[in-house]
């Protein structure tokens, strides 16, 4: 993994100096990274079809969000050709022996051509009636949500895989593993954002290369942050020359990120709460150590990736938004969520919580109930975003109730703003979040319940 | 911020990185000695070996780190009589928890009036007397009083160098030179280059040593260094009809095959510490082709010859030697003709008890 990060850093350094056809360069590097970084999965040919699907979804959504008169620009045809060339390269890569780059199980060229042809046909059909653009956008929005559910829900996922297997050239039945679809959670949320903003007329027009570069932007592929297109485009189009502080920022964040991820998080993982340790530990003291280690590990791991992404993007003159801002030093849960995975929280606020709150107001639901419904359902959805299972739902429920409780409490009680109260708030908030990680870390509610009893000294 | 010049900063960072690596390679600091075991968390019952964090254990190749994590690195207590166990995965206790190994079984069953016997598991899942001798040399620092050395035909035959021996290449070379041992690694690998000794060159080893420290927390909390035993296929009473053993396809004279000189070196190294060699128990198949092979590992021709040669050598050299090759019934084995179950280990401990007491109990 370290080697992959270093290679991507080298690519970012190189592309950062590239002045001409910059968006095309970033797009090609990003698409190549999607294929290159895709983890092994079963069935094996999905190592090709999953990245291909990421690319196909990006192209399709671009087609549907772009006004028809802007699609046939020369730059878009060139970008399409460049993408076709890259796909061809990925497909023939297996013949390159020692020079082979992409560890993917590539299909026969006839199958690939048929897949590309099908995509082109679908797009052409949807282009026949330009007045239906909004219908296609709506269909794509809901289709993406259903696909997201299918990827996250194990039962749906098996149905999806088994349904696709015969189409993908795999005749022998295989036991599908959980799909390790690289970056899909982030890709889907970027696409949903563009579809929604296009429907509302707020999306700036983007060329094909710009749009694909945005959706599959390689520094943010695996762990975000979720940038917005309107912030990303101007930086891609008119990059500011790198100044001294940009170089220093990039160096500092990359080194910091690598140290967090490889120098701390990987080691904390050995002492972080997991199924094995949870089932074998009776002592509350040790159990708290495991929970603390997990809380630190997940923060260092996730924020470490983000640091590297921010540093890498800066080499390309792109300033990504921060995703973490001292979340464990916040004095209440609302502030914690304003500083933890910031871009995801903002996404949900913009596209779910605020519209829901408006709807509930229109329905004249009692304010307290509206707040409860809004916060609970938002946090349940954020839980489901991580994975469709009971433990993530419980984690979402824990935080949803916590946010509601804090909202009610903060409305009634005004605490003095002394360092002591602030310290107490930080302590309480951190422990609330840390206990919540128990649900997140363990696969089953039963295991989580056992850990909670040990933590609080309740006899088993 | 404005006063910092980026090229200068990059140059300084690079220079510091290179200098740190160069110094590390030149000094080769004994990083493995830095350990939280035996003070922050308890010393391990056996040497670390395993796959990684999810397995509660990890393999490290640095000899200092191996021993620093083991409870043998604790100071010897007054009145303590230290018994060290050397051997392969069977002695280490593959598929067993640390409380179920031979060392633990001996600890529970063997006692001497007026002496506190402590048994230390220095087994390691690599069957090699070269590795055993290296461990024995390292163990000298910890004042052993008696050494139990488990032997098998495989541990006594030359092997390709494994990572543990290569990582401690200088010590291995010194040992082979000091005792004029017939097999060395002179041609296997040139002395490590500066790059190999640098932080970058040693990054994997350093990372695993750090992970070993982090795993000390899990060890301290659970007392387990391996995941609970999962199901394994039972050993079949039937074996293949092959006569193959090591590199031989048919019966041969094996008198020049085994590395007796390593055992001799061990005895010379410990002139005042008794060593009790014992031939490890093996699974004896009773089904198809059992007239040709004892089990999947050993054809009868080779194993019988090995036993005979070992007995003769021990007699000639005047070594203490016990042959317990067939004392464990088939149900006392787990997944491998050498790996014992907890019950098997208890039976073996009972068989060795009188020999240990002869040495340990005044």
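The values are calculated or read from the model by the stated rules, or taken from the named source; none is laboratory data. Predicted model, so just to flag it, every value in this text is computed and none were measured. When we count neighbours, we look across all protein chains shown, and the Cβ atoms used for this are built from the backbone with ideal geometry, even at glycine.
Being touching a residue at least 60 places away in the same chain (Cβ under 8 Å) and exposed (fewer than 11 other Cβ atoms within 10 Å of the Cβ) is the filter here, so list the residues in the range A:72-110 that pass it.
The one that is touching a residue at least 60 places away in the same chain (Cβ under 8 Å) and exposed (fewer than 11 other Cβ atoms within 10 Å of the Cβ): A:108.
I'd like to check which helices (runs of 4 or more DSSP H) are fully inside the range A:1-69 and have at least 3 residues that are more than 16 Å from residue A:218 (Cα to Cα).
Those helices (runs of 4 or more DSSP H) span A:46-65.
Does residue A:150 qualify as being surrounded by 18 or more Cβ atoms within 10 Å (Cβ to Cβ), in the same structural domain as residue A:55 (by TED's automatic domain parsing), part of a helix (DSSP H, G or I) and touching a residue at least 60 places away in the same chain (Cβ under 8 Å)?
For residue A:150, the condition - surrounded by 18 or more Cβ atoms within 10 Å (Cβ to Cβ), in the same structural domain as residue A:55 (by TED's automatic domain parsing), part of a helix (DSSP H, G or I) and touching a residue at least 60 places away in the same chain (Cβ under 8 Å) - is not met.
Go through the range A:220-261 and give me each residue that's under 22 Å from residue A:34 (Cα atoms) and within 14 Å of another protein chain (Cβ to nearest Cβ).
Correct list: A:254, A:258, A:261.
Have a look at A:332, A:339 and point out the one that is at pLDDT 95 or above, out of contact with any strand residue (DSSP E or B) (no Cβ under 7 Å at 6 or more places or on another chain) and more than 26 Å from residue B:211 (Cβ to Cβ).
When all the criteria are applied, what remains is A:339.
Report whether or not residue B:198 is under 23 Å from residue B:43 (Cα atoms), more than 14 Å from chain A (Cβ to nearest Cβ), surrounded by 12 or more Cβ atoms within 10 Å (Cβ to Cβ) and modelled with pLDDT of 90 or more.
No: the conditions fail for residue B:198.
Just to check your reading of the model, which residue among A:239, A:234 is without any contact (Cβ under 8 Å) to a residue 12 or more places away in the chain and under 28 Å from residue A:191 (Cβ atoms)?
Matching residue, one of A:239, A:234: A:234.
When you scan the range A:263-343 for helices (runs of 4 or more DSSP H) that lie fully inside it, which ones turn up with 1 or more residues that are away from chain B (no Cβ under 14 Å) and closer than 13 Å to residue A:223 by Cβ?
Per the criteria, A:284-315.
What are the residues in the range A:377-394 that are closer than 21 Å to residue A:342 by Cβ and more than 18 Å from the chain's Cα centre (by Cα), if any?
Within the range A:377-394, A:377 is the sole residue that qualifies.
Return a yes/no flag: does the range B:24-44 have any residue that is touching a strand residue (DSSP E or B) at 6+ places or on another chain (Cβ under 6 Å) and either assigned to a strand (DSSP E or B) or surrounded by 20 or more Cβ atoms within 10 Å (Cβ to Cβ) (or both).
Yes, the range B:24-44 has at least one match.
Among the listed residues B:258, B:278, B:283, which satisfies the condition of being in contact (Cβ under 8 Å) with a residue 24 or more places away in the chain, under 26 Å from the mean Cα position of the chain (by Cα), outside any loop (DSSP other than H, G, I, E, B) and buried (at least 19 other Cβ atoms within 10 Å of the Cβ)?
Being in contact (Cβ under 8 Å) with a residue 24 or more places away in the chain, under 26 Å from the mean Cα position of the chain (by Cα), outside any loop (DSSP other than H, G, I, E, B) and buried (at least 19 other Cβ atoms within 10 Å of the Cβ) holds for just one of B:258, B:278, B:283, which is B:278.
Restricting to the range B:304-335, name every residue that is modelled with pLDDT of 95 or more, farther than 22 Å from residue B:264 by Cβ and out of contact with any helix residue (DSSP H, G or I) (no Cβ under 9 Å at 6 or more places or on another chain).
B:304
In the range B:204-231, what residues are more than 9 Å from chain A (Cβ to nearest Cβ) and either in contact with a helix residue (DSSP H, G or I) (Cβ under 9 Å, 6 or more places away or on another chain) or assigned to a helix (DSSP H, G or I) (or both)?
Result: B:204, B:205, B:206, B:208, B:209, B:219, B:225, B:226.
Do you know which residues across the range A:414-451 are in a helix (DSSP H, G or I) and exposed (fewer than 14 other Cβ atoms within 10 Å of the Cβ)?
A:419, A:420, A:421, A:423, A:424, A:427, A:428, A:446
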